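Here the structure is laid out as structure tokens; the discussion comes afterwards.
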Amino acid sequence: MNTETLQINIAQRVLAMTDNKLLQKIRDLIVREDILAYDSLGKPLTEKEYIKQLDEVITEMESGIDEGLTSDEVFKNISDTHHLE
């Protein structure tokens with residue numbers, strides 16, 4: 001079955017569905033496929049959200065608002081937060 005035929009077949013079956021739980025599972029599957037990354041709190045990010053966040057960080061760094069952290073500074077912050085030595 002070619003892609004176009006498969007798309008039409010799936011669309012027709014989805015449009016005919018009345019089971020809300022099954023439709024939600026299909027939606028969740030589709031949404032999961034759109035997730036590109038997760039933020040530092042574990043929130044899923046779509047490609048559009050991920051690129052927006054990267055653009056914001058780049059803009060802040062270029063404007064001098066945020067200078068970022070070195071690897072050593074990140075390690076120290078993690079060590080201090082979790083009381084590691």
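Sort Leu15, Leu36 by heavy-atom solvent-accessible area, probe 1.4 angstrom, most to least.
Numbers: Leu15 150, Leu36 100 Å².
These residues rank, largest area first, as Leu15, Leu36.
Surface analysis of the chain yields an accessible area of 94 Å² per residue, using protein heavy atoms and a 1.4 Å probe. Using a probe radius of 1.4 angstrom, the carbon and sulfur fraction of the accessible surface of the chain is 56%.
Multiplying each eigenvalue of the alpha-carbon gyration tensor of the chain by 5 and taking the square root yields semi-axes of 43, 18, 11 Å, largest first, rounded to whole angstroms. Any idea how many Lys pairs in the chain come in under 30 angstrom at the alpha carbon, given 8 or more places apart or on separate chains? The number of close lysine pairs in the chain is 8.
The values are calculated or read from the model by the stated rules, or taken from the named source; none is laboratory data. Just so we're clear, the structure is a prediction, and the values are computed from it rather than from any experiment. Just so you know, the surface numbers come from the protein's heavy atoms only, side chains and all, with ligands and any DNA or RNA stripped out. Shrake-Rupley method; radii C 1.70, N 1.55, O 1.52, S 1.80 Å.
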